[in-house]
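Notes follow the structure.
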Amino acid sequence: ILNVEQSPQSLHVQEGDSTNFTCSFPSSNFYALHWYRWETAKSPEALFVMTLNGDEKKKGRISATLNTKEGYSYLYIKGSQPEDSATYLCAPYLDTGRRALTFGSGTRLQVQP
Amino acid sequence: GAVVSQHPSRVICKSGTSVKIECRSLDFQATTMFWYRQFPKQSLMLMATSNEGSKATYEQGVEKDKFLINHASLTLSTLTVTSAHPEDSSFYICSAKTGRDEQYFGPGTRLTVT
């Protein structure tokens, strides 16, 4: 079983606060890392696919960085809004042969207006 | 982005019956689809990889005779939970992979076995 850890498990912030979460994963056999946002009763929505060490990607107020050598990725949300409330999942491809994602348990974000 | 549908969204069945869940890629072809299961407060656990026109690849500990997977076309994969029991009650979700290794998820199916 491959160990993908996300922290914190849950987070409550006020509207306008900036926040960040961590995803840690085994650094060997790394191929790519996916971040998803999962709102209740909806399909998980792909945010980023990151492949290179040092990658930094941005989508609006959300950005992510990747360190493949030490096995972690950070997701940042600037100026959180209530609509950012969701569970954020990271999922590395750790087995290049199988190309299947291994999910962390997610960080549940609640943004209070 | 690409859209994946899943049907039904919720199903309640009696113990011993079988339930079929459909996963469809609506606007793209997917040679590979994945089936996941999520227990409360846990992460998505991969059950099997469904390949169009060939047998599914099951993860360790997943009974292939209990969870039948059929990927008959490039846009449809089905998961049949056979002889369901209460311990099979869970949230099942599928994803479909594009040619660029992106994965798009369906909205999931909540199965309750009474």
- Query: Which is among the small types (Gly, Ala, Ser) and either in contact (Cβ under 8 Å) with a residue 60 or more places away in the chain or touching a helix residue (DSSP H, G or I) at 6+ places or on another chain (Cβ under 8 Å) (or both), of A:Ala41, A:Ala64, A:Ala32?
  - Reply: A:Ala32
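Looking for whichever is within 12 Å of another protein chain (Cβ to nearest Cβ) and part of a loop (DSSP other than H, G, I, E, B) here; the options are B:Ala48, B:Ala2. Which one fits?
Numbers: B:Ala48 fails: part of a loop (DSSP other than H, G, I, E, B).
Checking each option against the conditions leaves just B:Ala2.
Yes or no: A:Glu39 loosely packed, with under 14 Cβ neighbours inside 10 Å, out of contact with any Lys or Arg (no Cβ under 6 Å at 6 or more places or on another chain) and within 14 Å of another protein chain (Cβ to nearest Cβ)? Quick ask: steps written out before the conclusion?
Working: loosely packed, with under 14 Cβ neighbours inside 10 Å: yes; out of contact with any Lys or Arg (no Cβ under 6 Å at 6 or more places or on another chain): yes; within 14 Å of another protein chain (Cβ to nearest Cβ): yes.
Spelling it out, A:Glu39 is indeed loosely packed, with under 14 Cβ neighbours inside 10 Å, out of contact with any Lys or Arg (no Cβ under 6 Å at 6 or more places or on another chain) and within 14 Å of another protein chain (Cβ to nearest Cβ).
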- Query: So, in the stretch B:30-45, of the ones that are surrounded by 24 or more Cβ atoms within 10 Å (Cβ to Cβ) and touching a residue at least 60 places away in the same chain (Cβ under 8 Å), which residue ends up nearest to the other protein chains (Cβ to nearest Cβ)?
  - Reply: B:Phe34
- Would a scan of the stretch A:51-59 turn up a residue that is in a strand (DSSP E or B), of a type outside the set (A, V, I, L, M) and more than 23 Å from B:Phe105 (Cα to Cα)? yes
- Message: Just checking, does the stretch A:87-109 include any residue being more than 17 Å from A:Ser24 (Cβ to Cβ), away from chain B (no Cβ under 12 Å) and in a loop (DSSP other than H, G, I, E, B)?
- Response: no
- Item | In the stretch A:22-33, the residues that are within 14 Å of chain B (Cβ to nearest Cβ) and modelled with pLDDT of 95 or more | A:Cys23, A:Ser24
- Query: Under the condition of being within 14 Å of chain A (Cβ to nearest Cβ) and part of a strand (DSSP E or B), which residue from the stretch B:5-26 is surrounded by the fewest Cβ atoms within 10 Å (Cβ to Cβ)?
  - Reply: B:Arg10
- Item | Scan of the stretch B:85-96 for residues that are touching a Ser or Thr at 6+ places or on another chain (Cβ under 6 Å) and either buried (at least 22 other Cβ atoms within 10 Å of the Cβ) or among the aliphatic types (A, V, I, L, M) (or both), ordered by number | B:Tyr92, B:Ala96
- Exactly one condition in (1) more than 16 Å from the chain's Cα centre (by Cα); (2) without any contact (Cβ under 8 Å) to a residue 60 or more places away in the chain; (3) surrounded by 14 or more Cβ atoms within 10 Å (Cβ to Cβ) is not met by A:Leu75; state its number. (1)
- Note on the structure: By residue number, the members of the stretch A:6-22 that are assigned to a strand (DSSP E or B) and either in contact with a Gly (Cβ under 6 Å, 6 or more places away or on another chain) or over 11 Å from A:Ser73 (Cβ atoms) (or both) are A:Gln6, A:Ser7, A:Ser10, A:Leu11, A:His12, A:Val13, A:Gln14, A:Thr19
- Check A:Ile77 against each of (1) within 25 Å of B:Gln38 (Cα to Cα); (2) in contact with a helix residue (DSSP H, G or I) (Cβ under 7 Å, 6 or more places away or on another chain); (3) of a type in the set (A, V, I, L, M, F, W, C) and name the one condition it does not meet. (1)
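The values are calculated or read from the model by the stated rules, or taken from the named source; none is laboratory data. Remember, it's a predicted structure, so these values are computed and weren't measured experimentally. Using ideal geometry, Cβ is built from the backbone for each residue, glycine included, and neighbour counts are taken over all protein chains shown.
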